[in-house]
Every structure is written in structure tokens, then in C-alpha cells.
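Below is one structure; the comments refer to it alone.
The values are calculated or read from the model by the stated rules, or taken from the named source; none is laboratory data. What you are looking at is a predicted structure, and each value in this text was computed from that prediction instead of being measured. Ideal geometry is used to build each Cβ from the backbone, glycine not excepted, and the neighbour counts take in all protein chains shown. Quick note on the areas: whole protein, heavy atoms, side chains included, nothing else; ligands and nucleic acids left out. Shrake-Rupley method; radii C 1.70, N 1.55, O 1.52, S 1.80 Å.
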Amino acid sequence: MPTTRRHFLRTAGVTASALPTAAAGQAGRSPNDRIQFATIGWGIMGSEDTRTAASVPGTKLVGVCDIYQGRLVRAQEIYGKDLFVTRDYREILARQDVDAVFIATPDHWHALQTVHACQAGKHVYCEKPACRSVAEGRAMIEAARRYRRVVQIGSQGRSNAVARKACEFVRNGQLGKVTRVEIWHENNWTTDRIPPKTPPPPNLDWDMWLGPAKAREYHDLIHPFHFRWYMDFGGGFVRDRGAHALSIVNWLLENDDYRGIVDVEATGRPMPGGIYDVPLGLDATWVFRDRGLTVTWTQPGEPKLGSSWGEVFIGDRDRLIVAGGDGGCNTEDKAKQFEVPSGGKEVYLHPSPNNDATARHRQNFLDCIKSGQQPVMDVEIGVRVITLGNLANLAYTLRRPLSFHLGRWRFVGEGARELNERHLSEPYRPPWRL
């Protein structure tokens with residue numbers, strides 16, 4: 001890596017391809033080695049990532065990045081004045097004492113920062129959703145493989161003990177052949193307020209917050225949090241919670257390896273007012289041609305087991321409700337009480353002294369850095385999951401059905417040429433590029 005900040009920012013700052021191959025070794029190291037990590041994005045999730053990871057024996061926090069100066073001050077109050085803090089994530093990546101990073105920035109930053117981190121020789125825990133486009137997702141996978149980095153996506157349902165019970169119930173044939181899964185979810189959030197034009201807060205670097213996304217004037221219905229309700233930032237709940245719900249679907253049905261064609265349709269109801277551009281509610285259907293499987297997404301859906309979102313797995317023998325599927329999850333007693341028979345399919349749950357699913361998920365990431373094993377929510381799994389959500393948003397935006405080949409990463413069928421030319425990637429705001 002470049003030895004000076006100026007050199008790093010000049011040669012690596014705005015183009016992923018410019019970063020040199022890391023001198024760091026392969027994933028896999030002595031179990032006694034200390035893992036030194038930094039956090040990029042120190043909001044709700046980033047600060048919790050930091051707290052949990054710092055409590056794991058054999059780890060040390062060495063840096064925090066955030067575009068809010070007040071958060072950097074707070075991080076030093078908690079972890080000491082010697083903690084390195086910066087508003088520019090590239091300064092974190094330039095440090096030789098950082099082995100791994102937790103990325104908890106807004107969604108539109110996830111792909112570019114993950115690629116940069118891998119190229120800088122850092123292992124990555126990236127909060128969900130992994131990416132906004134096919135091109136971003138493929139770049140993340142390629143970087144993780146080329147630079148031999150452990151990259152875990154933060155869809156922590158696969159580290160949830162209750163979700164594991166549901167998974168064992170389904171995988172051991174208790175539903176028979178599952179041909180349909182129905183995901184229900186509450187509506188996207190809405191507002192009728194039109195925010196006044198105001199300058200960004202003086203302690204917020206708004207240009208850095210935008211990063212590769214298209215330029216917008218600041219207002220408080222974008223940040224904090226409300227970026228979720230814009231297509232070019234968050235994409236609504238189908239990209240947000242979809243990263244959890246669709247992960248649960250693929251996990252329970254052993255569908256991570258699907259490489260065939262998926263047909264996607266989506267319709268929605270526009271917002272009744274305000275400035276958000278995601279639909280108020282989205283109805284989507286994914287048909288996995290080679291699996292005889294149909295998955296639906298309905299907003300709003302009828303709550304079940306006391307949850308505003310979840311999945312119903314429908315087989316030819318029975319059905320099963322799974323409520324939630326992130327850090328929190330519930331399911332029916334028949335699944336909770338099920339015991340895998342001798343010779344049946346047992347589902348891996350990473351050992352952890354903490355029964356909290358999110359803490360176990362982070363523990364799995366840190367342990368895989370030492371073992372060199374693939375984490376439970378490897379980057380390719382996470383990318384393929386959220387590609388389904390992104391395709392649903394695109395089908396809604398274009399007002400047309402889509403057919404996508406998950407093995408070739410290409411649109412197929414009617415209009416495929418134009419779709420592949422125009423919709424495999426999202427434009428980046430100069431000077432950022434992937």
C-alpha cells in the first residue's frame with residue numbers, strides 16, 4: 001500500500017481499479033493472532049458492530065471513520081483519545097495496522113467501499129444490503145476472490161438459532177416439496193412533508209455522504225435514515241428487509257446455488273404525497289424456472305405470529321410460518337420442537353458465547369479470518385440474495401416483466417440487449433467510479 005496519505009488519495013481514492021494488490025497474506029492465520037479492526041460508518045449499526053467486535057477476545061479497535069465529527073468525538077470518548085479517527089475511509093484503508101473493517105455506511109456506499117477494502121488487504125464485514133446493481137455485486141465477489149479476503153454480509157438470520165430450527169424442519173422434508181413462499185411486509189414509510197432547502201449541518205460532510213450517488217441538495221428527509229425511501233440510495237423495504245427475508249428463503253430451501261433463469265414481475269402503488277420515490281407498497285413475484293419455485297412479496301401483508309414481516313413456506317404436505325429472519329426471528333412450535341433424525345440434515349450454527357444472532361454473526365466473521373473458512377453469509381450469497389430485490393425494483397420502475405440468468409449475470413428474452421446495455425449498472429457521480 002502507498003505509505004503516505006497524499007499518495008494513497010491520489011492513486012487509489014476514486015477508482016477501485018487503481019488500488020495495488022495488497023501485500024497482506026491469504027485468509028487464515030494463527031488462532032492466537034490478534035485481529036485489529038476499524039469501523040467505517042459509526043451510526044447505530046456501526047457503533048454496535050464496534051462494541052460487539054471489541055468485546056471478542058483477541059481483537060482490538062484501532063480506527064473509526066464517520067462523516068459526522070460529533071460521532072468521532074464520541075468514539076474517542078468511549079475507546080480512548082489514542083483511537084485513530086477520520087472522515088475519509090481511505091485513510092482507514094491506508095493503515096497497515098488494520099486487518100479488517102466493519103462497513104456500516106448508507107447502502108449506496110457498500111459496494112465501492114468493500115471493493116476498496118479488499119484491494120487494500122482488509123477482510124470485510126459489510127452490513128446489508130450488499131449492493132444496488134449487478135455490476136456492483138459482481139465487483140464485490142471478484143474483489144473478495146482475487147484478494148482472498150473474508151467478506152461477510154450482515155444478513156444475520158443465518159446466525160439465528162430459531163431460524164436454524166425452521167431451516168432444519170424444512171430441509172428434513174416436513175413440508176414435503178416446497179413450491180411457493182409468500183413474504184409479507186408492512187408498507188414503505190411515507191411523508192406528506194416537503195422539506196425546506198437548508199444547508200447541511202456544519203459538522204456533516206455532505207459531499208462525502210453522497211459519494212458515488214447522484215448529487216442532491218441536503219435535507220432532513222434524506223439523512224439521517226430516510227435515504228431508505230429513495231431508489232438511488234435505499235430502494236425501500238424490498239432491498240432493506242428483502243436482504244433478510246430472501247436470505248431466509250434461499251437458506252431454508254438450499255437455493256443459494258441456483259444458477260438458472262428467474263422471471264420477475266412487480267407492481268406498486270405510488271406514494272400519496274411527499275418526496276419519496278419508492279412505492280408505498282410493492283407486490284413482486286420471482287419464478288425460479290428450473291426449481292418449480294415461486295416466491296412472492298406483498299406490501300402490506302397480514303401480520304403473522306405478531307410480526308410485521310416474514311415468510312410462509314408452502315409445501316405439498318404442510319406449511320410453515322417464519323416471522324422475521326434477521327436478529328429477531330420466530331416460528332411455529334412444530335419447528336421449534338423438531339429434532340433432526342439420525343442421518344438427517346443438520347444445519348450449521350456458529351458457536352458463540354453469546355446467544356444473540358447479530359453477535360454470533362460478527363463472531364463467525366472474526367473466526368473465519370483466523371480459519372480461512374467461508375462465512376455463513378459469504379459475499380456471493382449476499383449478492384445473489386439482494387439481486388432478487390434489485391430486480392423487483394427494476395421491474396417496478398420499468399413497468400415490465402424481466403427474465404434474468406443468475407448463472408450468466410445477464411438479462412435474457414425480449415428486450416435483453418437494451419436491458420444489458422442500460423441496467424446492469426448504476427451511474428456513479430464523478431470522480432467516483434467502480
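Tabulated data
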read-out	value
Qualifying positions in the range 329-347 - open to solvent by less than 40 Å² (accessible area, probe 1.4 Å) and either in a strand (DSSP E or B) or of a type in the set (G, A, S) (or both)	C329, T331, A335, G344
Subset of the range 348-376 (residues that are among the charged types (D, E, K, R) and open to solvent by 30 Å² or more (accessible area, probe 1.4 Å))	D356, D367, K370
Scope the range 244-262; condition in a helix (DSSP H, G or I), of a type in the set (A, V, I, L, M, F, W, C) and touching a helix residue (DSSP H, G or I) at 6+ places or on another chain (Cβ under 7 Å); matching residues	L246, I248, W251, L252
Residues of the range 180-204 that turn out to be charged (D, E, K, R) and crowded, with 16+ Cβ neighbours inside 10 Å, as a count	1
Verdict on L434 being among the aliphatic types (A, V, I, L, M), open to solvent by 30 Å² or more (accessible area, probe 1.4 Å) and over 22 Å from the mean Cα position of the chain (by Cα)	no
Qualifying position, being closer than 28 Å to A215 by Cβ, among the acidic types (D, E), in contact with a His (Cβ under 9 Å, 6 or more places away or on another chain) and at pLDDT 95 or above, among E127, E91	E127
Options L305, L320: the member that is open to solvent by less than 10 Å² (accessible area, probe 1.4 Å), over 30 Å from A100 (Cβ atoms) and in contact with a Ser or Thr (Cβ under 9 Å, 6 or more places away or on another chain)	L320
Pair list, Cβ under 6 Å, 6 or more apart: the range 307-323 residue within 19 Å of R241 (Cα to Cα) and free of Cβ contacts under 8 Å to residues at least 40 places away in the same chain, other residue part of a strand (DSSP E or B) and hydrophobic (A, V, I, L, M, F, W, C)	S307/A323; I321/V312
Selection from the range 70-86 of residues that are on the phi < 0 side of the Ramachandran plot, open to solvent by less than 70 Å² (accessible area, probe 1.4 Å) and modelled with pLDDT of 95 or more	L72, V73, A75, Q76, L83, F84, V85, T86
Residue satisfying all of: in the range 237-269; open to solvent by less than 20 Å² (accessible area, probe 1.4 Å) and small (G, A, S); farthest from A161 (Cα to Cα) among these	A266
Selection count where residues are of a type outside the set (A, V, I, L, M) and open to solvent by 10 Å² or more (accessible area, probe 1.4 Å), scope the range 224-236	6
Any chance V287 is touching an Asp or Glu at 6+ places or on another chain (Cβ under 6 Å), of a type in the set (V, I, T) and not in a strand (DSSP E or B)	no
Residue in the range 416-430 that is part of a helix (DSSP H, G or I), of a type in the set (K, R) and surrounded by 15 or more Cβ atoms within 10 Å (Cβ to Cβ) present	no
Residue in the range 313-327 that is part of a strand (DSSP E or B), of a type outside the set (V, I, T) and on the phi > 0 side of the Ramachandran plot present	yes
Checking A144 against (1) in contact (Cβ under 8 Å) with a residue 60 or more places away in the chain; (2) more than 19 Å from D367 (Cβ to Cβ); (3) open to solvent by less than 10 Å² (accessible area, probe 1.4 Å), the condition it does not meet	(2)
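Quick grid of which residues meet (1) basic (K, R); (2) open to solvent by 10 Å² or more (accessible area, probe 1.4 Å):
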site	(1), (2)
H110	no, no
C118	no, no
E127	no, yes
G137	no, no
R149	yes, yes
G154	no, no
G157	no, no
R164	yes, yes
G173	no, yes
